[in-house]
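**Student:** Quick one: this structure, given as C-alpha cells, is what I'll be asking you about.
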Amino acid sequence: MGGGVRWAATAVSVSFVLVAAVAALRLNPAHHAPEAAWIEAGADPVPRSLAALTGVGPAGALVAIDPGHGGRDPGAIAPDGTPEKHWTLLLARGLAGCLRRRGLRVALSRTADVYRSLDERARWADRIGADVLVSVHLNALPRPRGAVLEVYYAGPAPDPGRWEMPGPRRWPRFAGFASLQRRLREAWRAAASERLARHIHEALAGPRGAGLEGVRDRGVKRARFVVLRRTAVPAVLVEPTTLSDPVQAARLRDARFRAALAARLCEGIAAYLEHGRRVGSAVSE
Ligand SMILES: [Zn+2]
C-alpha cells in the first residue's frame with residue numbers, strides 16, 4: 001500500500017475518533033429551559049456542550065441537588081419522630097448555599113415539603129442541563145443503635161442495543177454512529193459518577209470529629225436506584241449519616257452539625273468539578 005493511501009486512511013480514522021469524542025462530550029442533547037418552580041434564582045442557562053468543550057470549569061457548572069423524599073413520602077423516621085424528608089431538605093439548603101459561595105450554580109429538585117417521584121427527579125436533572133446530580137438521604141438501620149456512612153453511584157445503564165461499531169464497508173452509517181455515541185456517553189457517565197462518589201466519600205470520611213465520631217464508614221458502592229439510573233448525568237446518592245441512631249438524630253437538630261455535614265458534601269462536589277477542569281485544561285493544552 002502506498003504512503004498516500006495509508007496517510008489518507010489514518011487521517012480518516014483520526015477525524016472519526018475526533019468527531020466521536022466531540023459527540024461524547026456533548027453533555028446535554030436537549031437544552032430545555034429550566035422549570036421556574038424547580039430551579040432557584042441565579043441559575044442562568046449556559047450551553048453546556050460549549051462549556052464542556054471549552055473547559056469552562058467549576059465556576060460554570062450546574063449542580064442538581066435532590067433532597068430525598070418529601071410530601072407523602074417521609075423516608076426514615078428518627079427515634080424522636082422527625083422524618084428524613086425534613087433533614088434532607090435542610091442539608092440540601094445548606095449544601096446549596098455552600099456551593100453558591102464557591103461560585104457554582106445550583107438547583108434543587110424540591111424547595112418545600114412536596115412529593116416528587118424518583119423518575120421525575122432523575123429526568124429533571126437532565127432537563128435543566130445539570131452537570132451532576134447529588135441525591136441527599138439519611139441512612140436507617142434495622143438495629144436501634146449505630147450509624148453508617150454510605151455513598152452510592154450510578155452503575156452502568158441497561159444495554160440500549162447491541163454494540164454497532166461501523167465496519168469499513170458500511171461506514172459511515174449514522175445508526176452505528178448514534179449507537180457508538182450512546183455507548184461512549186454511558187461509559188463516560190459511569191466513570192464520572194464513580195469519581196464524583198469517591199470525591200464526596202473522601203470529604204465525608206475524612207478526619208472524624210465534628211459530631212461524626214462513631215459513624216462507621218461503609219464506603220462507596222454501585223447501585224441501581226431509580227434516581228441514579230433514569231438520568232443521563234453523573235449521579236450519586238449520599239447518606240452522610242444515620243437517622244435511626246439516636247445520637248446522630250439528636251445531632252441533626254444542631255445547625256452547626258448540619259452545616260459541617262453540608263460543608264463536607266460541598267467540598268467533595270467542588271473537588272470533583274475542579275478535577276474535571278484540570279483534566280479539561282490538560283486536554284486543551
Ligand atoms: Zn432516604
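The values are calculated or read from the model by the stated rules, or taken from the named source; none is laboratory data. Treat the numbers as computed from the prediction; the structure is a model and nothing was measured. Here the Cβ is made from the backbone with ideal geometry for all residues, glycine too, and neighbour counts use every protein chain on show.
**Student:** Name the residue, out of A107, A92, A122, that is within 13 Å of the ligand (Cβ to nearest atom), among the hydrophobic types (A, V, I, L, M, F, W, C) and in contact (Cβ under 8 Å) with a residue 24 or more places away in the chain.
**Tutor:** Of the residues listed, the single one that is within 13 Å of the ligand (Cβ to nearest atom), among the hydrophobic types (A, V, I, L, M, F, W, C) and in contact (Cβ under 8 Å) with a residue 24 or more places away in the chain is A92.
**Student:** Right, another one. What helices (runs of 4 or more DSSP H), lying completely within region 180-285, carry at least 1 residues that are at pLDDT 95 or above and farther than 24 Å from L90 by Cβ?
**Tutor:** Answer list for region 180-285: none.
**Student:** Step by step: first the residues of region 114-130, then only those that are out of contact with any helix residue (DSSP H, G or I) (no Cβ under 7 Å at 6 or more places or on another chain), assigned to a loop (DSSP other than H, G, I, E, B) and not β-branched (V, I, T), then the one that is surrounded by the most Cβ atoms within 10 Å (Cβ to Cβ). Which residue is that?
**Tutor:** This residue is A130.
**Student:** Could you tell me whether any residue of region 243-253 is surrounded by 17 or more Cβ atoms within 10 Å (Cβ to Cβ), among the basic types (K, R) and under 17 Å from D66 (Cα atoms)?
**Tutor:** no
**Student:** Could I ask something else about it? So in region 54-85, with the set limited to residues that are surrounded by fewer than 17 Cβ atoms within 10 Å (Cβ to Cβ) and not in a loop (DSSP other than H, G, I, E, B), which one is nearest to the ligand (Cβ to nearest atom)?
**Tutor:** D73
**Student:** Suppose the filter is modelled with pLDDT of 95 or more, more than 16 Å from the ligand (Cβ to nearest atom) and among the aliphatic types (A, V, I, L, M); does V136 pass it?
**Tutor:** Spelling it out, it is not the case that V136 is modelled with pLDDT of 95 or more, more than 16 Å from the ligand (Cβ to nearest atom) and among the aliphatic types (A, V, I, L, M).
**Student:** Only one residue in G97, G75, G70 is in contact (Cβ under 8 Å) with a residue 40 or more places away in the chain and over 25 Å from V247 (Cα atoms), so which one is that?
**Tutor:** Being in contact (Cβ under 8 Å) with a residue 40 or more places away in the chain and over 25 Å from V247 (Cα atoms) holds for just one of G97, G75, G70, which is G97.
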